[in-house]
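Where a number appears in this text, it was derived from the coordinates with a stated rule and is not lab data. Values in this document were obtained by computation on a predicted structure and should not be read as measured data. Ideal geometry is used to build each Cβ from the backbone, glycine not excepted, and the neighbour counts take in all protein chains shown.
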Amino acid sequence: MEAKTMSLTAPTAAPSLFRVLARQRGWTRWEVFSVHFDRAASDLVREKGLLKPPTVARRTFDRWVSGEWHGTPRPDTALVLHRLFGVPVEELFRAAPEVVRAAALPLERIHLQAAQSVDARWSTSRLSLTADRSAGWHLWELEGRRVFDGTALTLHLETGTYRDGAVRLDATDRLRQFVRPVRRGVVMTTVVDAEDRLRTFVLDARAVRSMLLIDDSTLPVAGAHELDDLTYGLIWAVANADDGLLADDHLLDAQQRALSEFLKLPSSALSKSWIPGITAVGSSWMGSYFCAQHIRTRLAAASDLPMFWTREQFGEEAVGWLLYTHKHAYLRSTEEFASTDVPVTRTFCLPEAAVQDSQPYERLLLFLAAALMEMHHITVRVCTEREFSSVDGFVLVPGQQVVIANWVRSEEMWHASTTTSRSQLRFYTDVAGHASSKDVIAGRTPLDRLQALAAYLRLDWSWLRRRCRALGEQGVSSVIQPRSRLVSIDELDAVLLYVGSLTG
């Protein structure tokens, strides 16, 4: 009788869900995983009041990935893991479901490197990659810091070709399938250039769809589309502002009649709870819109040159100047006060602490907002005294009136009033006079002032001018396109070209 043979090879254990999900995200190295874990832990400390953020030792992580872990993480660690993966911890260390394991094919290494580089460079970026190459899209989360609610873009990854200094993108079937739906999305293409550097470029999905109508085989990728602080900042700003306003479109439209009634009042302040469910972006837009109308109404009969004081200190707060159509109309009306002899001025209070607390892409947005004003013949001034940070936004008509209008860093949606009180006129006159005498970017021409502002914001002027010109020539819509009726990028394109044209 033939003896049965026994296999000496043990069956391969199914990978844990933790291992599969970590592999999908490109987090199989402790150095990479710990960055995301620590960030999520810090968020939970703020939100849930944990005494201190938990940490993960390299040895523990290695056991999680290898499948040698058979215990239960501590409660605070379990909270962080649930935050990272969206899966209860008791499921995370069990065998991954078959359908998940089938999808867990490794991404191309160049895409993983690009994704890790993007997330490491910008703290508000979270790339969630699916390992299933056939899926064709991933998720790019863009978190807010001060005003934005946060949003997400669908993302398609492609490997481009680099030859003789030019980047091209093959029009693959997966690319065509990705850009066909009307959802908002971006195409990220990565190449290794002649100097063996990894470089990443971004194109708006709708822009790619239009390009395919011209050439359905290969697409040129301009150097202006390279993902750096300028392009990231604009994608971050446009996507967040636009999606917030789209989410509130009906709410904002329904309040137009009520706003006209508030404008008739000599003073008004509105709680943010007045419109239940409104987003942070929608609330800030509403405050900005009302304040602009309030100022324009009160200045209609002004017989002297007004002086403007603005409260924005961070790029996220200043985005409205670049994108909101009502802000553009407001700037044009302000420009009408200008004369060849006496300029209209607008003063920013930008303490050193605010500059230090801003990322480069945020400082770029703030710079562009100031440049936009200079483009409209409004002379920008900057004072740095921290004690003026609490001064509300105002417009001073010397000896006549002060129009107070503020929505920035406020507990209310807006606070607006008008006063002719002598004591108030004296106070705001002193504030404006001090700011004028302490102007840290004082210069004879817009070029002088903007160069000084760039230096104060720690921005490289030659790089900034070159990048603005290149992106302005391509158009911001080539990297990100707004959809809300309340947003326009025409002024943004114009100011990029304006900065790029400054010489001297």
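Would you mind getting me the FRET efficiency between ALA152 and SER437? Use the beta-carbon distance for r and R0 = 56 Å, nearest 0.05.
On the way: r = 47 Å, r/R0 = 0.83.
So, using R0 = 56 Å, E works out to roughly 0.75.
Given +1 on the Cβ of Lys and Arg, -1 on the Cβ of Asp and Glu, and no further charges, what dipole in debye does the chain carry about its Cα centre, rounded to the nearest 20? Could the numbers behind the result be given before it?
Numbers: 58 positive and 60 negative charges, 131 e Å.
Charge dipole of the chain: 620 debye, to the nearest 20.
Points 7 angstrom from Cα along the Cβ direction at TRP461 and VAL45: gap in nanometres?
Here the answer is 4.0 nm between the modelled labels.
So for the chain, taking the charge dipole from beta-carbon charges (+1 Lys/Arg, -1 Asp/Glu), which of HIS111, LEU299, GLN474 sits furthest toward the positive end?
My answer, from the dipole projection, is HIS111.
With just the Cα atoms defining each centre, how far is the stretch 160-203 from the stretch 453-499? Give it in Å.
So the separation of the two Cα centres works out to 21 Å.
From the backbone phi of the stretch 189-202, what are the Karplus-calculated ³J(HN,Hα) couplings (6.51 cos²θ - 1.76 cosθ + 1.60, θ = phi - 60°) in whole Hz, Gly and Pro given as x?
Along the stretch 189-202, the couplings run 10, 10, 9, 10, 7, 5, 9, 6, 9, 7, 10, 10, 10, 10 Hz.
Could you pull out every residue, at least 5 positions away or on a different chain, whose amide H is within less than 5 Å of the one on MET413? Hs are placed 1.01 Å off N in the peptide plane, and Pro or chain starts have none.
Result for MET413 returns LEU270, SER271, LYS272.
Counting DSSP beta bridges with both partners in the chain, what percentage is antiparallel, nearest 5?
On the way: 43 of 59 bridges.
Counting only bridges with both partners in the chain, antiparallel ones make up about 75 percent.
I'd like the distance between the alpha-carbon centres of the stretch 54-95 and the stretch 361-377, rounded to an integer number of Å.
Here the answer is 46 Å between Cα centres.
May I ask which residue of VAL487, THR334, GLY443 lies farthest towards the positive end of the charge dipole of the chain, with charges of +1 (Lys, Arg) and -1 (Asp, Glu) on Cβ and the Cα centre as origin?
VAL487
Consider a paramagnetic label point 7 Å from the Cα of GLU141 along Cα→Cβ; state which residues of the stretch 224-242 have an amide N under 18 Å from it.
Those under the cut-off are 236-237, 239-241.
Which value, in debye to the nearest 20, describes the size of the charge dipole of the stretch 107-227 about its Cα centre when Lys and Arg Cβ atoms bear +1, Asp and Glu Cβ atoms bear -1, and nothing else is charged? Each step should come with its number before you reach the end.
Details: 17 positive and 17 negative charges, 75 e Å.
The calculated dipole for the stretch 107-227 is roughly 360 debye.
Can you work out ³J(HN,Hα) from phi for every residue in the stretch 450-463, in order, using Karplus 6.51 cos²θ - 1.76 cosθ + 1.60 and θ = phi - 60°, giving whole Hz and x for Gly and Pro?
Once rounded to whole Hz, the list reads 6, 5, 5, 5, 4, 5, 5, 8, 6, 10, 6, 5, 5, 5.
Please give, to one decimal in nm, the separation of the simple spin-label points placed at THR503 and PHE427, each 7 Å out from Cα toward the Cβ.
Reported label-point gap for THR503 and PHE427 is 4.9 nm.
Based on the alpha-carbon gyration tensor of the chain and its eigenvalue square roots a ≥ b ≥ c, which shape applies: rounded if a/c is under 1.5, prolate if not and a/b is larger than b/c, or oblate? Intermediate values should be presented prior to the final figure.
Numbers: a/c = 2.35, a/b = 1.81, b/c = 1.30.
In terms of gyration-tensor shape, prolate.
For n ≥ 4 DSSP H runs only, could you compute -39500 (n - 2.57) per run for the chain, divide by its residues and tell me the 222 nm figure to the nearest 500?
Numbers: 21 runs with 235 residues, N = 504.
Calculated mean residue ellipticity at 222 nm is -14000 deg cm²/dmol.
Identify, among PHE18, ALA241, PHE201, the residue whose Cα sits farthest towards the positive end of the charge dipole of the chain, taking +1 on the Cβ of Lys and Arg and -1 on the Cβ of Asp and Glu, with the dipole about the Cα centre.
Comparing the listed Cα positions along the dipole, PHE18 ranks first.
Sort out the exposed loop GluC sites (Glu not before Pro) in the chain (DSSP loop, at most 15 other Cβ within 10 Å) and tell me the longest stretch that has none. Please report the intermediate quantities before stating the final value.
Details: sites that count: GLU2, GLU68, GLU108, GLU195, GLU336, GLU385, GLU411.
Longest run free of exposed loop sites: 196-335.
Explain nothing, just compute: Karplus ³J(HN,Hα) = 6.51 cos²θ - 1.76 cosθ + 1.60, θ = phi - 60°, for every residue of the stretch 180-186 in order, whole Hz, x for Gly and Pro.
Whole-Hz 3J(HN,Hα) from phi for the stretch 180-186: 5, x, 8, 4, 6, x, 9.
Amide H to amide H under 5 Å from ALA152: which residues, 5+ apart in sequence or cross-chain, H placed 1.01 Å off N in plane?
Placed amide hydrogens put LEU142 under 5 Å from ALA152.
Among the trypsin sites (Lys or Arg not before Pro) in the stretch 209-274, which ones are in a DSSP loop with at most 16 other Cβ atoms within 10 Å of the Cβ? Mind listing them?
Values: sites: ARG209, ARG257, LYS264, LYS272; in loops: LYS264.
Sparse-neighbourhood loop trypsin sites (Lys or Arg not before Pro): LYS264.
Which cross-chain or sequence-distant (5 or more) residues have an amide H under 5 Å from the amide H of GLU312, H modelled 1.01 Å from N in plane?
Those qualifying (amide H under 5 Å, at least 5 residues apart or on another chain) number zero.
Any idea what the relative contact order of the chain is, in percent, if you count C-alpha pairs under 8 Å spaced at least 6 apart? Kindly include the intermediate steps, with their values, before the conclusion.
Working: 800 pairs, mean separation 62.1, N = 504.
For the chain, the relative contact order is 12 percent.
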